[in-house]
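Asker: Here it is, the structure in full.
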Amino acid sequence: MNEVSPAAVATTVAWGGFALAFIFGAVGNKTNFCTMGAVSDVVSMGDWNRMRMWLLAIAVAILGSNALALAGIIDLSKSIYTAPNFTWLSYIVGGFLFGVGMTLGSGCGSKTLIRIGGGNLKSLVVFVFLGIAAYMTLRGLFGTVRVGLLEPISVTLSTSQDLPSLLARVFGADRKAMLAPVSAVVAGLLLAFVFKDKEFRGNADGLLGGVVIGLVVVGGWYVSGKMGYVAEDPNTLQEAFVATNTGRMESLSFVSPLAYTLELLMFWTDKSKIVTFGIASVAGVIAGSAAYAIGSKTFRWEAFRDAGDTGSHMLGGTLMGFGGITALGCTIGQGITGFSTLALGSILAFCAIVAGSALTMKWQYWRILREN
């Protein structure tokens, strides 16, 4: 890999991210994969089918990602999710606000991109507000709240925050020896819940969406963590993960990549800006969804119905931008990609997102009943 130009590797990583995201977008559109919809179905109808699809994707991602780690192909500790600094308040507050935002904005970051591909102009507005708010949380005004108030309230662990490392510390065992059994137990519990339902076992779209999206996340780890790995960057003489915005190995996530996509579009002539794995994945989801929508003749333009609908989506996008950066990810970035590393913070963020979304839906239903 040392003989290969980092620029050539960057191109490979970007195209790999685009291809994986294209599959995500097409399958997500076909199967109606939607994490906000999954929560809504449970809250409003007691229907767990789409939630089981989400949980199936998590289980597949856990098994695939940790199989790659056990084989020595990737090192999940070199992602942003497993750091010893456990910023528990950021996970809770950020995740909760993201859950509120995705309910107000009619879908999370990935669903926003899927809906854009299907012709939804409301989601285009959500994209812009989410991306701007995310950038403001990364480097702007909102960042003062994140860095000054939330991140200092944390716990520095004696080891990485992933479950295998924590349990290895408790039992005095080797982390690698704990990796397979912990992954198997967590994924096994999820799969047992998913497949205990006879209706879901016969749900072709649910099975397709869960398995494919889980595998796409595994593929993302391989593209950025293996294909994009350079043992010695000629510019820094240090190891590097090429074409990632974090400088570490990444898989799919849809908050900060939206911010970096807007940045690239605004500073296109700045030669220091490149198409990264995350930016390419944003384009890939839209393209994949559009291809399916056009091919299935389901593409249609959709706009806001009134000012209240517009304001709700603008606020939703803003909350998702702030919450997603604060919690280090969204329903995909933390809910599947981060969860696949078995990081404690990812599991906490996942629970906070679901709680924020469910409570917002309860409030919306209460408001509707009160008005009627």
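Asker: Scan G117, G140 and give me the residue that is among the small types (G, A, S) and surrounded by fewer than 22 Cβ atoms within 10 Å (Cβ to Cβ).
Answerer: Just one listed residue meets the conditions, G140.
Asker: Right, something else. Can you say whether T261 is under 23 Å from I80 (Cα atoms) and out of contact with any Leu (no Cβ under 9 Å at 6 or more places or on another chain), as far as the supplied structure shows? Reasoning before the result, please.
Answerer: Values: under 23 Å from I80 (Cα atoms): yes; out of contact with any Leu (no Cβ under 9 Å at 6 or more places or on another chain): yes.
Answer is yes for this residue.
Asker: Taking into account only those residues within segment 42-82 that are aromatic (F, W, Y) and part of a loop (DSSP other than H, G, I, E, B), which is surrounded by the fewest Cβ atoms within 10 Å (Cβ to Cβ)?
Answerer: Result: W48.
Asker: Residue under question is V9, and the condition is that it be touching a residue at least 24 places away in the same chain (Cβ under 8 Å), more than 30 Å from D174 (Cβ to Cβ), in contact with a strand residue (DSSP E or B) (Cβ under 9 Å, 6 or more places away or on another chain) and open to solvent by less than 50 Å² (accessible area, probe 1.4 Å); does it hold?
Answerer: When the stated conditions are applied, V9 passes them.
Asker: Would you check if F22 is under 24 Å from L215 (Cα atoms), open to solvent by 40 Å² or more (accessible area, probe 1.4 Å) and at pLDDT 95 or above?
Answerer: The answer is yes for F22.
Asker: Moving to a separate point now. Could you pull out the residue among V93, V27 that is touching a helix residue (DSSP H, G or I) at 6+ places or on another chain (Cβ under 9 Å), over 30 Å from S154 (Cβ atoms), among the hydrophobic types (A, V, I, L, M, F, W, C) and open to solvent by 10 Å² or more (accessible area, probe 1.4 Å)?
Answerer: Step by step, each of V93, V27 is checked, and only V27 is touching a helix residue (DSSP H, G or I) at 6+ places or on another chain (Cβ under 9 Å), over 30 Å from S154 (Cβ atoms), among the hydrophobic types (A, V, I, L, M, F, W, C) and open to solvent by 10 Å² or more (accessible area, probe 1.4 Å).
Asker: Mind listing just one residue for me: the one in segment 319-372 that is of a type outside the set (A, V, I, L, M, F, W, C) and in contact with a Cys (Cβ under 6 Å, 6 or more places away or on another chain) and, of those, farthest from L97 (Cα to Cα)?
Answerer: As a first pass, look at segment 319-372 and keep what is of a type outside the set (A, V, I, L, M, F, W, C): 321, 323-324, 326, 329, 331, 333-335, 337-338, 340-341, 345-346, 356-357, 360, 362, 364-365, 367, 370-372.
Now drop any that are not in contact with a Cys (Cβ under 6 Å, 6 or more places away or on another chain), which leaves 324, 331.
Numbers: G324: 8, T331: 12 Å.
Top of the filtered list is T331.
Asker: Can you go through S256, S251 and tell me which one is farther than 21 Å from V128 by Cα and not aliphatic (A, V, I, L, M)?
Answerer: S251
Residues checked against (1) in contact (Cβ under 8 Å) with a residue 12 or more places away in the chain; (2) open to solvent by 50 Å² or more (accessible area, probe 1.4 Å); (3) assigned to a helix (DSSP H, G or I):
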{"position": "E232", "(1), (2), (3)": "yes, yes, no"}
{"position": "A243", "(1), (2), (3)": "yes, no, no"}
{"position": "L258", "(1), (2), (3)": "yes, no, yes"}
{"position": "L264", "(1), (2), (3)": "yes, no, yes"}
{"position": "K271", "(1), (2), (3)": "no, yes, no"}
{"position": "V275", "(1), (2), (3)": "yes, yes, no"}
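Asker: Taking the stated definitions as given, is V39 open to solvent by 20 Å² or more (accessible area, probe 1.4 Å), assigned to a helix (DSSP H, G or I) and under 18 Å from D197 (Cβ atoms)? Show your work before the answer.
Answerer: Numbers: open to solvent by 20 Å² or more (accessible area, probe 1.4 Å): no; assigned to a helix (DSSP H, G or I): yes; under 18 Å from D197 (Cβ atoms): yes.
Criteria not met by V39.
Asker: Right, here's the next one. Which pairs do you get when a residue that is within 18 Å of G28 (Cβ to Cβ), found in segment 329-354, comes within reach of a residue that is among the aliphatic types (A, V, I, L, M) and open to solvent by 10 Å² or more (accessible area, probe 1.4 Å), reach meaning Cβ atoms under 7 angstrom, with the pair 6+ apart or on two chains?
Answerer: Within 7 Å, the pairs are Q334/L328; F339/I347.
Asker: Which one is surrounded by the fewest Cβ atoms within 10 Å (Cβ to Cβ) among residues in segment 124-137 that are under 17 Å from the mean Cα position of the chain (by Cα) and over 16 Å from G94 (Cβ atoms)?
Answerer: Checking each candidate, the answer is F127.
Asker: Going by the conditions given, is A177 of a type outside the set (V, I, T), surrounded by 20 or more Cβ atoms within 10 Å (Cβ to Cβ) and under 26 Å from A343 (Cα atoms)? Don't jump to the end; show me each part of the working.
Answerer: Details: of a type outside the set (V, I, T): yes; surrounded by 20 or more Cβ atoms within 10 Å (Cβ to Cβ): no; under 26 Å from A343 (Cα atoms): yes.
No; evaluated as a whole, the condition is false for this residue.
Asker: Being not aliphatic (A, V, I, L, M) and not in a helix (DSSP H, G or I) is the filter here; which residues of segment 315-330 pass it?
Answerer: Residues satisfying the conditions are G329, C330.
Asker: Within segment 22-52, track down each residue that is closer than 30 Å to S165 by Cα, in contact (Cβ under 8 Å) with a residue 24 or more places away in the chain and more than 15 Å from the chain's Cα centre (by Cα).
Answerer: R52
Asker: What about R305, is it surrounded by fewer than 23 Cβ atoms within 10 Å (Cβ to Cβ), among the basic types (K, R) and assigned to a helix (DSSP H, G or I)?
Answerer: Spelling it out, it is not the case that R305 is surrounded by fewer than 23 Cβ atoms within 10 Å (Cβ to Cβ), among the basic types (K, R) and assigned to a helix (DSSP H, G or I).
The values are calculated or read from the model by the stated rules, or taken from the named source; none is laboratory data. Bear in mind the structure is a predicted one, so any value in this text is a computation, not a measurement. Note that each Cβ is placed from the backbone with ideal geometry, even for glycine, and that neighbours are counted across all protein chains shown. SASA here: full protein model, heavy atoms, side chains in, ligands and nucleic acids out. Shrake-Rupley method; radii C 1.70, N 1.55, O 1.52, S 1.80 Å.
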